[in-house]
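**Q** Before I ask anything, let me first share the structure, which is written out below as structure tokens.
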Amino acid sequence: MDLNLLLLATVDGLSYAGLLFLISLGLTLICGVFGVINVAHGSLYAFGGYSAASLLAWLLPHTSSTWALVGSLFVAAAVVGGSLGALLERGLLRHFQDRDPVLQLLVTFAAFMVLEDVQRMVWGATPVSAGDLATRLGTTELLGVTFLNYQLLFIPGVALVAYAGLQFLLRHSTAGRQIVAVIHHREVATALGIHAARVGTLTFALAGALGALGGALSVPMTSFVPGLGAEMIVTSFAVIATAGLGQITGALVAAVLIGMARSLAVYTLPELEVVMPYLMMVAVLLVRPHGLFTVTVARRI
């Protein structure tokens, strides 16, 4: 592989890893608080992308401001993802919280199927994209190769800001400490006066917004079609399984590893592109069955 091809693979891999991390971050939060794999999270990714494309299509005739259009991606993700996330928790998961984990998984899968049908009813099966926005942020040339700033700088930058912001929230805010307490031991946290139900709703809304943000940031680079949410949620499962459940920093590292592996496969062994994330996951779990970063520690509440 020559240098230019390696550079292309690296940039593509980091960009994909940034999107994958945002989705996996929401899944990690839900797994930590509720101990359930939320299959419906994939639909929030799809709704984020579709709603962002619709908002951009409405704004383009009314404004020429690039940053107003970029800001609309975050607005769409926050409103649609946060609302759907809170609705899923209050209207569905809360009623199955103490049930068998398999039943909880089936309930989230049923919600995913319903949301997929709603998505088809609203946007149909025609591919949807917003590629003009990515070109508005300009380009950068590295070693003779031209990259879109949206892919090279913006997406990885947003992923890192989301990581730093969530770490700050969990460590230095009251709401964050309450989330950590509920993750550690829900019953003890409730006994200490923490409103666990409210924390659950907040966590689902935040996780939904992160998942939808991954979709909103994807739509300027990817055509959205029915079924894309299922593809991303399965890959996100590979990330959190590789990192270990509840591991935020581990999810970032695992997303980069899987994103780079997938990108290198695209440029060298295209036939392995689809299976590369799962090959990495299996290789890690054979050595560390609980994930790369899972450790047993004592935690003070």
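The values are calculated or read from the model by the stated rules, or taken from the named source; none is laboratory data. Computed from a prediction, not measured in an experiment: that's the story for all the values here. Ideal geometry is used to build each Cβ from the backbone, glycine not excepted, and the neighbour counts take in all protein chains shown.
**Q** Leu22 is checked against (1) more than 14 Å from the chain's Cα centre (by Cα); (2) buried (at least 24 other Cβ atoms within 10 Å of the Cβ); (3) at pLDDT 90 or above and fails just one. What number does that condition carry?
**A** Going through (1) more than 14 Å from the chain's Cα centre (by Cα); (2) buried (at least 24 other Cβ atoms within 10 Å of the Cβ); (3) at pLDDT 90 or above one by one, Leu22 breaks only (1).
**Q** Still on this structure: Among the residues of region 44-72, write down those that are of a type in the set (Gly, Ala, Ser), in a helix (DSSP H, G or I) and either exposed (fewer than 15 other Cβ atoms within 10 Å of the Cβ) or in contact with an Asp or Glu (Cβ under 6 Å, 6 or more places away or on another chain) (or both).
**A** If the condition is that a residue be of a type in the set (Gly, Ala, Ser), in a helix (DSSP H, G or I) and either exposed (fewer than 15 other Cβ atoms within 10 Å of the Cβ) or in contact with an Asp or Glu (Cβ under 6 Å, 6 or more places away or on another chain) (or both), then Ala57, Ala68, Gly71 are the ones that fit.
**Q** Tell me the residue from Gly215, Gly165, Gly211, Gly157 that is of a type outside the set (A, V, I, L, M), within 18 Å of the chain's Cα centre (by Cα) and closer than 27 Å to Asp98 by Cα, please.
**A** Gly211
**Q** Give the residue, chosen from Ala255, Ala175, Ala230, that is touching a Leu at 6+ places or on another chain (Cβ under 6 Å) and within 29 Å of Ser72 (Cα to Cα). It would help to see each step written out before you state the result.
**A** Working: Ala175 fails: touching a Leu at 6+ places or on another chain (Cβ under 6 Å); Ala230 fails: touching a Leu at 6+ places or on another chain (Cβ under 6 Å).
On inspection, the qualifying residue turns out to be Ala255.
Quick grid of which residues meet (1) buried (at least 19 other Cβ atoms within 10 Å of the Cβ); (2) modelled with pLDDT of 85 or more:
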position: Pro101; (1), (2): no, no
position: Phe109; (1), (2): no, yes
position: Phe112; (1), (2): yes, yes
position: Met121; (1), (2): no, yes
position: Gly124; (1), (2): no, yes
position: Pro127; (1), (2): no, yes
position: Ala130; (1), (2): yes, no
position: Arg136; (1), (2): no, yes
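**Q** Name every residue in region 138-148 that is buried (at least 16 other Cβ atoms within 10 Å of the Cβ) and within 25 Å of Pro61 (Cβ to Cβ), in order of residue number.
**A** Listed by number, the list holds a single entry, Leu148.
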